[in-house]
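*Asks:* Okay, here's the structure, questions in a sec.
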Amino acid sequence: MTDLEDNRPATVRFAPSPTGHIHIGNARTALFNWLFAKQRGGEFVLRFDDTDEARSSDAFAEAIRADLEWLGISPDIVAWQSKRFDAYGAAAERLKAAGLLYPCYETGEELERRRKLRLARRLPPVYGREALKLTEEERSAIEAEGRKPHWRFLLPNFADDPFETRRTEVHWDDIVRGPQTVDLASMSDPVLIREDGTYLYTLPSVIDDIEMGVTHIIRGDDHVTNTGAQIALFKALGSEAPSFGHHNLLTSVSGEGLSKRSNALSIGSLRDEGFEPMAIASLAVLIGTSESVSALPSMAALMELFRPEFASKSAAKFDPAELTSLNRALVHDLSFDDVNTRLAALGISGERAEAFWYAVRGNIDFVKEAEQWWTIVTQGLSDPEPLDTGDVDFVREAFAQLPPEPWDANTWSEWTNSVKQASGRKGRSLFMPLRLALTGRRSGPELADLLPLIGRAGTLDRQP
Ligand code: GLU
C-alpha cells in the first residue's frame, strides 16, 4: 500500500508563521491539507509557527484565522508554538544528552571561507563538523570570550566516524510527487538553535508533528530538501516520520514567488475586492494540476475533484484575470437566497430585489456591481452616455407608445414591436437608443427583465 492509498483518518496541519497576511499560494497549502483531511474524515490543525516572536503578531494570527474561515476552512485545533517552548527545550536536552545536538561557534564569515575552500578542493560545500573536534578546554576558552554556541543536529550519514560520511539515502513516498530520495551526506548538519537561544523552524515543527499526532505533512515543494533531515530528526526523537506531500508553488504572472509581506495577492485584499471564496479556493487548488480550472460552487464539489497527486511538478503562474472569470461564472449561478443578505447590505431590498437579482446576475463579475444597476433601476440614470442627437425624436415617439400597466416580462417585446412598426427601425438602430435612454449604458442586463422593474412611471422619468 502506498501512502496515498492509506485511507485512515488523517491529521494534518497548516503551519503559517503569523508574520503577514496569507496569499493565494498559502491558501493552496491550507486547502490541500483541508481537502485531504476532510476526504478521510480527519482533523485539521492550524498551527502558528511563531517562534520568531519579534516578527510574529497576534493581529496577523487573527487575520489568518479569519481568512481561512472565510475560505471555508474551520480548524479542528489551533496551536501556537510560542506556548510550547518547554517541550522544545526538553527535546533539545534529550538530543544533547544523546550527542545528536552539538555546539558550534563558527561565525558566518568563517563558514563562508571554509565553504569556498571545500569548493576549491572539489569537495561538497557542506559543514565539515569542525566543532565536533573541539576539546572541553577549547570550548570553555571560546565561551570565556563571551561567545555563545549555535547548535547543529548530527545527521546519521556515517558508520562510526562522523568525519567519514557516506551516502545515506532517505526515501519517502511523497503523496504528491511519488517516490523521493535525498542523500543525507549531501547536506550540512542543520542548525536547530541559534546563538541567542531561539529555535529555527525545524525542531519545533518536528516535535509538534510528533506530539500532535500529525499523520501527513502537506506543504510547498520548497521544503523537499528539508524533508530528508526532518525524517532523520523524527527518528532521533524516537518517532516514525509521518507521510509527506510537497505540492508545486504558485508564482506571479511574471514568475516571481509570492510573498506574505507583499499585500497585493493576500486573501484579505481579494476578499475586499469582492471575490467569492469559492473562486479563490477553486483556482488555488486547481491551477497547476492535471485538472482543468473551473469555478466550483462549493467545498464539497472541490473535494470530489481533489487528489493530491494531480498537482504538476513545476510552478504554476497565478493570473488574477483568471480569478475574475471564475468569479463571474460563480456570480451568474448564485441564487437570491445565496446573496440576499449581501444585497440588503448594499441597500438592495424590498419587493423588487429578487427579480432584480435574477435580471442582473448574468451581467456582473462581482456581487457588489449589482449596486450600480439598482441605482439605475430605482433612481434613474447616473452619469449616462448621451443619446445621438439623431435618436432623440425617435426615443420621444417610442415613449409615447409605452403600453399601460400592468407590466411583465412580455412588455418589452410588445412595446418594441409596436415601435418597430411605427418607426420602421429594426435591430441595433431600434434597440440601442432605447437601451441608452432606459439605462444610460450601451450594454447591460436584458431590457425585458429591467423594464418591469423600472415601471411605467420610472420609465417616463427617463424621457429625453
Ligand atoms: N512555518 C513553515 C512555513 O511556513 C511551515 C512549513 C511546514 O509546513 O512544515 O514554511
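*Asks:* At 0.36 nm per residue, minus the direct Cα-Cα distance, what do Ser298 and Arg55 gain on full extension? Give it in nm, one decimal, please.
*Replies:* Answer, rounded to one decimal: 84.0 nm.
*Asks:* Measuring with a 1.4 Å probe in the full set of protein chains, what accessible area per residue, in whole Å², belongs to the chain? If you can, show how the numbers build up before the last one.
*Replies:* Details: 21900 Å² over 464 residues.
Value returned for the chain: 47 Å² of accessible area per residue.
*Asks:* Carbon and sulfur atoms: what percent of the 1.4 Å accessible area of the chain do they account for?
*Replies:* Values: 10710 of 21900 Å².
Here it works out to 49 percent.
*Asks:* Follow-up. Report the residues of segment 339-369 in range of a label on Ala448: point 7 Å along Cα→C-beta, backbone N strictly under 19 Å from it.
*Replies:* 355-364
*Asks:* Let me ask you something else. Taking θ as phi - 60°, what are the ³J(HN,Hα) couplings along segment 81-94 by the Karplus curve (6.51, -1.76, 1.60), each to the nearest whole Hz, with x for Gly and Pro?
*Replies:* Calculated HN-Hα couplings, in order: 5, 5, 8, 10, 4, 4, 5, 5, x, 5, 5, 4, 5, 4 Hz.
*Asks:* Mind giving me the nanometre distance, one decimal, between the label points for Val392 and Arg139, set 7 Å out from Cα along Cα→Cβ?
*Replies:* So the label points at Val392 and Arg139 sit 9.5 nm apart.
*Asks:* Relative to the longest principal axis of the chain, what angle (0 to 90°, nearest 10) does the C-alpha long axis of helix 224-236 take?
*Replies:* The two axes meet at around 50 degrees.
*Asks:* Same structure, new question: Please figure out what share of the DSSP beta bridges in the chain is antiparallel and state it in percent, rounded to the nearest 5.
*Replies:* So the antiparallel bridges amount to about 50 percent of the total.
*Asks:* If you don't mind, another one. Normalised by the number of residues in segment 339-464, what is the relative contact order in percent for Cα pairs under 8 Å and 6+ residues apart?
*Replies:* Details: 121 pairs, mean separation 44.7, N = 126.
Relative contact order for segment 339-464 comes out at 36 percent.
*Asks:* When the chain is fully extended, how far beyond the present Cα-Cα distance does Lys116 get from Lys426, taking 0.36 nm per residue of separation? It would help to have the intermediate numbers written out before the result.
*Replies:* Details: separation 310, 0.36 × 310 = 111.60 nm, distance 8.10 nm.
Extra length available between Lys116 and Lys426 comes to 103.5 nm.
*Asks:* Which of His23, Pro103, Ala131 sits farthest toward the positive end of the charge dipole of segment 1-160, with +1 on the Cβ of Lys and Arg and -1 on the Cβ of Asp and Glu?
*Replies:* The one lying farthest along the dipole's positive direction is Ala131.
*Asks:* Could you work out the helix-only [θ] at 222 nm for the chain, with each DSSP H run of four or more residues adding -39,500 (n - 2.57) and the total divided by the number of residues, to the nearest 500 deg cm²/dmol? If you can, show how the numbers build up before the last one.
*Replies:* Values: 18 runs with 203 residues, N = 464.
That comes out to -13500 deg cm²/dmol.
*Asks:* Further question: So what are the ³J(HN,Hα) numbers for segment 97-103, from phi and the Karplus equation (6.51, -1.76, 1.60; θ = phi - 60°), rounded to whole Hz, Gly and Pro as x?
*Replies:* For segment 97-103, the Karplus-derived couplings read 4, 7, x, 9, 10, 10, x Hz, x marking Gly and Pro.
*Asks:* So if I place +1 on the C-beta of Lys and Arg and -1 on the C-beta of Asp and Glu, and nothing else carries charge, what would the dipole magnitude of the chain be about its Cα centre? I want it in debye, nearest 20. Before the final figure, lay out each step's value.
*Replies:* On the way: 52 positive and 70 negative charges, 193 e Å.
The calculated dipole for the chain is roughly 920 debye.
*Asks:* Note the full-extension length gain between Tyr201 and Arg94 as 0.36 nm times their separation in residues minus their Cα-Cα distance, in nm to one decimal. Before the final figure, lay out each step's value.
*Replies:* Values: separation 107, 0.36 × 107 = 38.52 nm, distance 1.79 nm.
Here the segment from Tyr201 to Arg94 would lengthen by 36.7 nm.
The values are calculated or read from the model by the stated rules, or taken from the named source; none is laboratory data. Everything numeric here is computed off the predicted structure, so don't read it as measured data. Methodologically, a virtual Cβ is constructed for each residue, glycine included, from the backbone with ideal geometry; neighbour enumeration extends over all protein chains shown. Remember, those area values only see protein heavy atoms, side chains included, never the ligands or the DNA or RNA. Shrake-Rupley method; radii C 1.70, N 1.55, O 1.52, S 1.80 Å.
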